[in-house]
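As structure tokens, the structure follows; a few thoughts come after it.
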Amino acid sequence: MSGVNKVILVGRLGKDPEVRTLENGATVANFTMATTEVYRDKTTGERRESTEWHNIVLWRALADIASKYLHKGDQCYIEGKLRTRSWEKEGVTRYTTEIVGESLTLLGSKRDGSGTSSNYSGSSAERGAPSGGASAQPNAPSADTGSDDLPF
């Protein structure tokens with residue numbers, strides 16, 4: 001039996017994506033993303049926040065999309081997998097854990113207050129098309145105009 005390695009995050013970018021092209025021509029984007037959990041302290045009743053920072057890595061077409069459309073403070077939804085890697089620096093082995101994104105949904109930015117979204121996945125982004133039938137341009141309205149009873 002094999003395992004499942006799946007991460008789902010909704011958060012805001014802590015910095016603009018750093019994009020570079022490797023020797024083999026592959027594009028990679030790296031950025032940090034904050035997720036904040038809001039809860040009530042059981043003893044005091046006060047509202048509390050807990051923020052976690054995540055290192056995000058996007059490859060190829062998703063990296064290109066991130067470089068064009070994502071900026072510090074923007075909100076997005078990322079699905080991917082956890083990867084821990086190690087390297088040696090000055091005789092010391094160092095480790096990092098990062099989320100390798102396989103799908104990206106742009107949820108809008110603080111700058112424009114947009115509430116619309118565009119979806120991209122690694123496979124559809126390779127072909128230059130968003131997944132889920134959304135417009136190829138971020139922040140463009142979705143083609144789905146049906147309503148449902150979901151509260152969100």
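Every number in this text was worked out from the coordinates using simple rules, so none of it is lab data. Everything numeric here is computed off the predicted structure, so don't read it as measured data. For neighbour counting, all protein chains shown are included, and Cβ atoms are generated from backbone atoms with ideal geometry for every residue, glycine included.
Laid out as a table, the results:
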| quantity | calculated |
| --- | --- |
| Inter-label distance, nm, simple model (7 Å from Cα along the C-beta direction), Glu52/Thr35 | 0.5 nm |
| Karplus (6.51, -1.76, 1.60) ³J(HN,Hα), θ = phi - 60°, over region 2-15, in Hz, Gly and Pro reported as x | 9, x, 10, 10, 9, 10, 10, 10, 10, x, 10, 5, x, 7 |
| Segments 24-30, 52-58 sorted - mean Cβ within 10 Å per residue, highest first | 52-58, 24-30 |
| Packing-based order for 44-51, 93-100, using average beta carbon neighbours within 10 Å, highest first | 93-100, 44-51 |
| Ser2 versus Leu82: modelled label distance in nm, points set 7 Å from Cα along the beta carbon direction | 1.9 nm |
